[in-house]
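K.L.:
This is the structure, below, for whatever I ask next.
The values are calculated or read from the model by the stated rules, or taken from the named source; none is laboratory data. Nothing here was measured: the structure is a model prediction, and the numbers come from that model. Glycine gets a Cβ as well: all are built from the backbone with ideal geometry, and neighbour counts include every protein chain shown. Protein only, heavy atoms only, side chains kept; ligands, DNA and RNA dropped before computing areas. Shrake-Rupley method; radii C 1.70, N 1.55, O 1.52, S 1.80 Å.
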Amino acid sequence: MYQPSQHDVRRFFCEVARKLRERLPLAPMESVAAPWIDEHPEYADDLADLASALEASYTVEEGRTNPFLHLAMHLSIAEQCGIDQPTGIRQAVELLAARRQSLHQAHHEVMECLGEMIWASQRSGLPPDGQAYLDAVRRRATR
């Protein structure tokens, strides 16, 4: 399994943003990330300066969202839906998107579920519970 470093992730998103600005061809994974970058114009400055991106620190105290973490979560959810892993996530996200009339809004809600699953895993020391994650997304999709 490939586990990119924080700097790898930041370089990736900055490079995709640069290619979008310059209207250059995108690699397949970059093509998955590009629409999410477009959905977040508020991150343009963060993505435009690689050197600053590599040095930036995003803390709760600052009250700023980490744009790289946020975009990486969009990318993770898109990949989960693409391969339907955990099984049923694609359908649950599609239903949530239909209910909210926005895939983008659905992703933001799924991020909360994903974050809760990761937090619970880290706190308990157990592997991530894909079924609990899927159930949380399904609950949101049906209310």
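K.L.:
Give me the distance in nm between label points sitting 7 Å out from Cα along the Cα-to-Cβ direction at ARG64 and LEU95, one decimal.
P.N.:
3.9 nm
K.L.:
Name all residues of the range 5-39 having a backbone nitrogen under 18 Å from the label point set 7 Å from the Cα of GLU55 along its Cα→Cβ direction, giving them as ranges.
P.N.:
7-8, 10-11, 14
K.L.:
Moving on to the next point. Which whole-number value in Å² is the accessible area per residue of the chain, probe 1.4 Å?
P.N.:
61 Å²
K.L.:
Now for a separate question. Which of HIS74, HIS107, HIS40 moves the most in a Gaussian network model of the chain with Cα springs under 10 Å?
P.N.:
HIS40
K.L.:
According to a simple spin-label model (label point 7 Å from Cα along Cα-to-Cβ), what is the distance in nm between ASP84 and HIS104?
P.N.:
Placing both labels 7 Å along Cα→Cβ, they lie 2.8 nm apart.
K.L.:
Over every pair of different alpha-carbon atoms in the range 32-75, take the mean of 1/r and invert it; report that Kirkwood radius in Å.
P.N.:
When all Cα pairs of the range 32-75 are included, the Kirkwood radius is 11.0 Å.
K.L.:
Between rounded, prolate and oblate, where does the range 60-132 land on the alpha carbon gyration tensor, with a ≥ b ≥ c its root eigenvalues, rounded for a/c under 1.5, else prolate if a/b exceeds b/c?
P.N.:
oblate
K.L.:
Using a 1.4 Å probe over the heavy atoms of the protein chains, calculate the carbon and sulfur portion of the accessible area of the chain as a whole percent.
P.N.:
53 percent
K.L.:
Once the other residues with Cβ under 11 Å from the Cβ of GLU30 are scored (Lys, Arg +1; Asp, Glu -1), what is the net sum?
P.N.:
Once all neighbours under 11 Å are counted, the net charge is +1.
K.L.:
Next question, about the same structure. Using the Karplus equation 6.51 cos²θ - 1.76 cosθ + 1.60 (θ = phi - 60°), what ³J(HN,Hα) coupling, rounded to whole Hz, does each residue of the range 73-87 give in order, writing x for Gly and Pro?
P.N.:
Residue by residue, the range 73-87 yields 5, 4, 5, 4, 5, 4, 5, 4, 5, x, 10, 6, 10, x, 3 Hz.
K.L.:
Could you tell me which residue out of TYR133, PRO25, ALA44 lies farthest along the dipole of the chain toward its positive end? Charges go on the beta carbon: Lys and Arg +1, Asp and Glu -1, centred on the Cα centre.
P.N.:
TYR133
K.L.:
Ok, one more. Given bins 10 angstrom wide, list per bin the percent of all Cα-Cα distances in the range 10-85, short to long.
P.N.:
Taking every Cα pair in the range 10-85, the percentages come to 19, 51, 26, 5.
K.L.:
Now for a different question. Taking the Cβ of ASP46 as the centre, find all other residues whose Cβ is under 11 Å away and add up their charges (Lys, Arg: +1; Asp, Glu: -1).
P.N.:
Surrounding charge for ASP46 is -1.
K.L.:
Give the angle, between 0 and 90 degrees and rounded to the nearest 10, that separates the Cα long axis of helix 28-38 from the longest principal axis of the Cα atoms of the chain.
P.N.:
Here the helix axis deviates by roughly 90 degrees.
K.L.:
Please give the calculated 222 nm ellipticity per residue for the chain, where each DSSP H segment of at least 4 residues contributes -39500 (n - 2.57) and the sum is spread over every residue; nearest 500 deg cm²/dmol?
P.N.:
-22000 deg cm²/dmol
K.L.:
Using θ = phi - 60° and the Karplus curve 6.51 cos²θ - 1.76 cosθ + 1.60, what whole-Hz ³J(HN,Hα) does each residue of the range 105-110 get, with Gly and Pro shown as x?
P.N.:
4, 4, 4, 5, 6, 5
K.L.:
State the extension gain, in nm to one decimal, for the chain segment bounded by LEU26 and VAL9, taking 0.36 nm per residue of separation less the distance between their alpha-carbons.
P.N.:
4.5 nm
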